[in-house]
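So the structure is just underneath, and the comments pick up after that.
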Protein chains: 10
Amino acid sequence: MLFKVEMTVNIPSSLPAAQVDEIKAKEKAYSQQLQREGKWPHIWRVVGQYANVSIFDVADNQELHDILTALPLYPWMEITVQPLCVHPSSIYVEQK
Amino acid sequence: MLFKVEMTVNIPSSLPAAQVDEIKAKEKAYSQQLQREGKWPHIWRVVGQYANVSIFDVADNQELHDILTALPLYPWMEITVQPLCVHPSSIYVEQK
Amino acid sequence: MLFKVEMTVNIPSSLPAAQVDEIKAKEKAYSQQLQREGKWPHIWRVVGQYANVSIFDVADNQELHDILTALPLYPWMEITVQPLCVHPSSIYVEQK
Amino acid sequence: MLFKVEMTVNIPSSLPAAQVDEIKAKEKAYSQQLQREGKWPHIWRVVGQYANVSIFDVADNQELHDILTALPLYPWMEITVQPLCVHPSSIYVEQK
Amino acid sequence: MLFKVEMTVNIPSSLPAAQVDEIKAKEKAYSQQLQREGKWPHIWRVVGQYANVSIFDVADNQELHDILTALPLYPWMEITVQPLCVHPSSIYVEQK
Amino acid sequence: MLFKVEMTVNIPSSLPAAQVDEIKAKEKAYSQQLQREGKWPHIWRVVGQYANVSIFDVADNQELHDILTALPLYPWMEITVQPLCVHPSSIYVEQK
Amino acid sequence: MLFKVEMTVNIPSSLPAAQVDEIKAKEKAYSQQLQREGKWPHIWRVVGQYANVSIFDVADNQELHDILTALPLYPWMEITVQPLCVHPSSIYVEQK
Amino acid sequence: MLFKVEMTVNIPSSLPAAQVDEIKAKEKAYSQQLQREGKWPHIWRVVGQYANVSIFDVADNQELHDILTALPLYPWMEITVQPLCVHPSSIYVEQK
Amino acid sequence: MLFKVEMTVNIPSSLPAAQVDEIKAKEKAYSQQLQREGKWPHIWRVVGQYANVSIFDVADNQELHDILTALPLYPWMEITVQPLCVHPSSIYVEQK
Amino acid sequence: MLFKVEMTVNIPSSLPAAQVDEIKAKEKAYSQQLQREGKWPHIWRVVGQYANVSIFDVADNQELHDILTALPLYPWMEITVQPLCVHPSSIYVEQK
C-alpha cells in the first residue's frame, strides 16, 4: 500500500554538532535499511530545502506510523502523509 | 532531471459527456506515451480525489512546460511543480 | 484499516430538485449498505454545515478510493482523507 | 452530546525526560478513566503525527471545557473542537 | 448552552428580486421568533459586511443544527459555529 | 458603540507561577470593573481554549484601544477587533 | 472616528457595459460628495488592482456601515474594515 | 510617490526595559523628523494592536527602503508595503 | 524604478475563441512594445502555469498602474506587485 | 535553465555581531562570485524586507540545490524556488 510522505527537517541551532552528526548518521542507516527492504521505494531531495518527498510501501497505516515515528530525526520533522492508489492511466505494475 | 507535479482536475458539469470522454481518452493515450518514453516515470492517484501525484524526468524546464501545457485536460487542471534532486540517503540510481 | 474522511457537499442550485432528491436517496441507500457491511462504522453531521465527519474501515487505500468515488454525491463533494491507527491510550479493540 | 476534538501535542525539548514521562503516564490514566466512563468514546492516533482525533460524549459545553483543560498535556496541546449531531443517513443509535 | 455563530450571506444576482425580498422577510420573521423564544439572545451586524455575529442559547447540538439549517437564507450562507461556556471572570448570570 | 473582541492568551512557561497568579488576579479585577461599568457587557470562554469572545460597548475607537492595551494580560494576548452595529432583524434595544 | 477601509471591486462580465458605466458614475458622485463632507478624507488606488485604500472619518460604527452599504458598487465589492486611533508618535491633529 | 506601509512590532520580553525605552524614544524622534519633512504624511495606531498603518511619500523605492530599514524598531517589526497612486474619484491634490 | 509583477491569466471558456486570439495578439504586441521601450525589461513563463514573472522599470507608481491596467488581458488577470531596489551584494548596474 | 528564487533572512539576535558580520561578508563574496560566473544573473532587494528576489541560471536542479545549500546564510533563510522558461511574448534571448 502506497503513501506519499513529505518531511521537512528543522534542527535547532542549540543541538550540539556532534549529536546532530550522530542523529543524521543513524537516520541515513535507518532510511537505507528500509529502502533495501522495499518499504521506502523512493526518496528525493526538494531543491533548496532541507526536506524530502518520499513514497512508502507498507502493509497498513499502523506500519507506516511505526516507521515514521521511529525516524531518528522524527522529533525535528514536520510530516504530511497522503494515501495513494493505482492511477487508471498508469502502465506500471509497482502498485498492487 | 526530476520534478514532482501534482494535478487536480475540475471538469465543469456544463461540458457534454461525450466531449469529456473524448478528452479523457486522449489524456490517457498521451500520458501512457510519455510513460513509455520514460518522461513520466511515476503516476499515482490520490485517494478520494480526482487528482494525481506524478514524477517527471525531463531534459529541462522548457520540456516540462511543453509537456504539461499539452495535456488534453490542461485547461481544467490546477498544477503545482516542485524541482527535485538526489537525496544523499538514497540507494537508488534512477536519478542522474 | 481506519481513515477519517470529511465530506462537504455543494449542490449547485441549477440542478433540478427532482434530480437532487434522487441522488440523495441513492446516497443514503449506498451509505447505509456500507454501514451495514462494517466498512463505514461512523458518520456524524457537522453542526450548521452540509457536511459530515466519517470513519471508514477498509482493507486498503484502493478500497477506500473506490468507495468514495462511487458515492452518488461525489461530483459535488470536497473530500479530505486522513489515515488513522491505534492510539496507545485507547482501551477499545475496534481498531486492528 | 457529541464533539469531534483534534489534539496536537508539542512538548518542548527543554522539559526534563522524567517530567515528560510522568505527565504522559497521568495523561494515559486520565484518558482511560474518561473512556471507561463513556465520556471519551473514541480516540485514534493520526498516522505520522503526535496527534489524535477523538470523539467526546458529554452533557454540555461546560463539561467538555472542564475535561479538556484538565488534560495533563493541555499546556502543550493545540486543540480544535467541532460540535456534531446525528447524520440522517446513520444507522447507528450511539448518538442521542 | 451557548454558541457563537457567524453567518455571511451571498445571494447570487440571478435570484429574482421578488424572491429575494420574500426570503428576507421570512428570515426576519424566523429570526425574531427565535429571539422572542430566548434561543437567539444576540444578533449584531458586522460593519461593512452582509454578515452577522450571533449568540444562540439552545438545549444541545442537535437543536442548534435544526435551527440553523431551517434558516430561510441557509442555502446562501457560510456559517461557522463555536461552542462557548462560562468565563471565570464573568459577573453575568446569563450563561447556565 | 459595540465591538466584538476575541482574545487568545499565550503565557510562556518561563514566567514564574507566582507572577502569573498575580497578573491573572489583576486581570480578573480589571475585567470585572469594566463589566460593572457597562463597558464590557459580555465575556464568554471558548470551549477547549485559553481564549474568550467578548463584546465591548465604548464611546469610540480610542477608548477601546486604551482599555485593551491596559489589560494586565495584554503583553501575552493575540487580539482581533471587529466593529458591530444594529442588525435590522434584532428585537433588542441594547445597541444604540 | 477613523477607520481604514479596503475595497476590491469584481464586476461580472455579464453586467451590460451601459449599466456598469452608470453605476461607476453614481459611485464617483457618491464618493466625491462624502469627500467634500469630510467623511471620506482619503482614497488611494492600489497599483495594479481594481481596489482602493480609504480612510473614513465618521461619528460611529453605524454611520460607517450605512455609508459603505449605500455604495453603488457595494454588491460587487469585498470590503475590510479596521478601526484606527491616534498614534502616540503622530504630530498631526487630524485625528480627534 | 505614495506607499501604504503596515508595521507590527514584537519586542521580545528578554530585551531589558531600559533598552526598550531608549529604542522607543529614538523611534519616536525619528518618526516625527520624517513627518516634519513630509515623507511620512500619515500614521495611525491600529485599535487593540501594537501596530500602525502609515502612508509614506518618497522619491522612489530606494528611499522608502532606506527609511524603513533605518527605523530603530526595524529589527522587531513585520512590515508590508503596498504601492499607491491617484484614485480617479479623488478630489484631493495631495497625491502627485 | 523596479517592480516585480506576477500575472496569472484565467480566461473563461465562455469567451469565443476568435476573441481570445485577438486579445492575445494585442497583448503580445503591447508587451513587446513595452519591452522595446525598456519599461518591461524581463518576462518569464512560470513552468506548468498560464502565468508570468515580470520585472518592470518605470518612472513611478502611477506609470506602472497605467501600464498594467492597459494590458489587453487585464480583465482576466490576477496581479501582484512588489517594489524592488538595489541589493547591496549586486554587481549589476541595471538598477538605478 | 532559469529559476526564480526568493530568500528571506532571519538571523536570531542571539548570534554574536562579529559572527554575523563574518557570515554576511562571506555571503556577499559567494554571491558576487556566482554573479560573475553568470549563474546568478539577477538579484534585487525587496523594499522594506531583509529579503531578495533572484534569478538563477544553472545546468540542472542539482546544481541549483548545491548552490543554495552552500549559501553562508542558508541556515537562517526561508527559500522558495520556482522553475521558469521562455515566455512566448519575450523579445529577449537571455533564456535558452
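Some values worked out for this structure:
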| item | result |
| --- | --- |
| Given charges at beta-carbon only (K, R positive; D, E negative), |dipole| of the stretch F:2-83 in Debye | 260 debye |
| Shielding of E:70-82 by partner chains, average beta-carbon count, 10 Å | 3 |
| Candidate aspartates and glutamates - alpha carbon under 16 Å from residue F:4, same-chain residues fewer than 8 apart omitted | E:6, F:57, F:60, F:63, F:66, F:78, F:94, G:60 |
| Number of partner chain Cβ atoms within 10 Å, mean per residue of H:47-59 | 6 |
| Heavy-atom accessible surface that D and F bury in contact, both chains counted, 1.4 Å, Å² to 100 | 500 Å² |
| Qualifying lysines (Cα of each under 22 Å from Cα of residue G:26; at least 8 residues distant if same chain) | G:39 |
| 9 Å beta-carbon shell around residue I:82, net charge (K/R +1, D/E -1) | 0 |
| Axis-nearest residue in chain G [Cβ, rotation onto F], distance in whole Å | G:83, 3 |
| Charge dipole (debye, nearest 20) of the protein assembly as shown; +1 at Cβ of Lys and Arg, -1 at Cβ of Asp and Glu | 0 debye |
| The protein assembly as shown - Rg over Rh from alpha carbon coordinates, Kirkwood radius | 0.94 |
| For chain C, accessible area per residue (1.4 Å probe, heavy atoms of protein chains only), Å² | 44 Å² |
| Percentage relative contact order, chain A, counting C-alpha pairs under 8 Å, at least six apart | 47 percent |
| Surface share of carbon and sulfur [accessible, 1.4 angstrom probe, percent] for the protein assembly as shown | 54 percent |
| Exercise: per-residue mean of other protein chain Cβ atoms within 10 Å, H:31-38 | 2 |
| Centre separation in Å (Cα based) which lies between the stretch D:1-17 and the stretch B:35-82 | 38 Å |
| Nearest-10 value in Å² for the accessible area of residue B:42, using the 1.4 Å probe | 20 Å² |
| Alpha-carbon gyration tensor eigenvalues x 5, square-rooted, for chain C, Å | 27, 14, 12 |
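The values are calculated or read from the model by the stated rules, or taken from the named source; none is laboratory data. No experiment lies behind these values; they were computed from the predicted model shown. All Cβ positions, even for glycine, are placed from backbone atoms using ideal geometry, and neighbour counts span all protein chains on display. All accessible areas refer to the heavy atoms of the entire protein, side chains included, with ligands and DNA or RNA removed. Shrake-Rupley method; radii C 1.70, N 1.55, O 1.52, S 1.80 Å.
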